[in-house]
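**Student:** Below: one structure in structure tokens.
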Amino acid sequence: MHNDNNVAANTPHPGEFWTYTLQLPHDGRAVRVARSTVRAVLQTYGMAQVSDVAELLASELVTNSLLYSDGPSWIRLSNPRTTHVRVGVWDTNPTIPPPFRGGPHPPGPPECAERGRGLLLVRECADRWGGYALGEEVFGMCGKLLWFELAA
């Protein structure tokens, strides 16, 4: 028997605020879990048109966390404005990387470098982005938050 009330209860409403947070272990497989989570959430909330870019940029933030911190990280997706998605990644390293410190665009890595382009990619592809150091009040430890927003 089909119940239309259950369908209506599970359908997102325009303008509805939502947020999802997921703790990721310090494990290379966390990148894939983060990408899958981003895709599932954005499709659920009718924002599939930005899911490819959001997945790519989220994977860059999670990869940065794996490379430069030694603890777990957390990914959070939310819609701070009803037509945008914000993706943030917390980790245990309080140092804000140069591409997220603001100011003039930092130089990219040498052409032959195998890495170092991910956060520059986030800056180029996101509508808004930022980062800041966190005190011990977040998850009981110090660290930083890097985030980006995309317009749907």
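**Student:** What residues qualify as long-range amide H neighbours of Gly71, i.e. H under 5 Å apart, gap of 5 or more or another chain, H built at 1.01 Å from N?
**Tutor:** Amide H neighbours of Gly71, under 5 Å, 5+ apart: Thr92.
**Student:** Once phi is turned into ³J(HN,Hα) by the Karplus curve 6.51 cos²θ - 1.76 cosθ + 1.60 with θ = phi - 60°, what whole-Hz value does each residue of region 56-67 show in order, with x for glycine and proline?
**Tutor:** Working through the residues one at a time gives 4, 5, 5, 5, 5, 5, 5, 4, 4, 4, 5, 6 Hz.
**Student:** With θ set to phi - 60°, apply the Karplus curve 6.51 cos²θ - 1.76 cosθ + 1.60 along region 40-52 and write out the HN-Hα couplings as whole Hz, x wherever there is a Gly or Pro.
**Tutor:** After applying 6.51 cos²θ - 1.76 cosθ + 1.60, I find 4, 5, 5, 5, 4, 9, x, 10, 4, 5, 10, 5, 4 Hz.
**Student:** Could I have the simple spin-label model distance between Glu16 and Leu56, label points 7 Å from Cα toward Cβ, reported in nm to one decimal?
**Tutor:** 3.0
**Student:** Assuming 0.36 nm per residue, please report the length gained on full extension of the stretch Arg123 to Ser36 beyond their Cα-Cα distance. If you can, show how the numbers build up before the last one.
**Tutor:** Details: separation 87, 0.36 × 87 = 31.32 nm, distance 2.19 nm.
The span from Arg123 to Ser36 would gain 29.1 nm if fully extended.
Taken together, the values in this text are just the output of simple stated rules run on the coordinates, not laboratory data. For clarity, every value in this text was computed on a predicted model and none was experimentally measured. For neighbour counting, all protein chains shown are included, and Cβ atoms are generated from backbone atoms with ideal geometry for every residue, glycine included.
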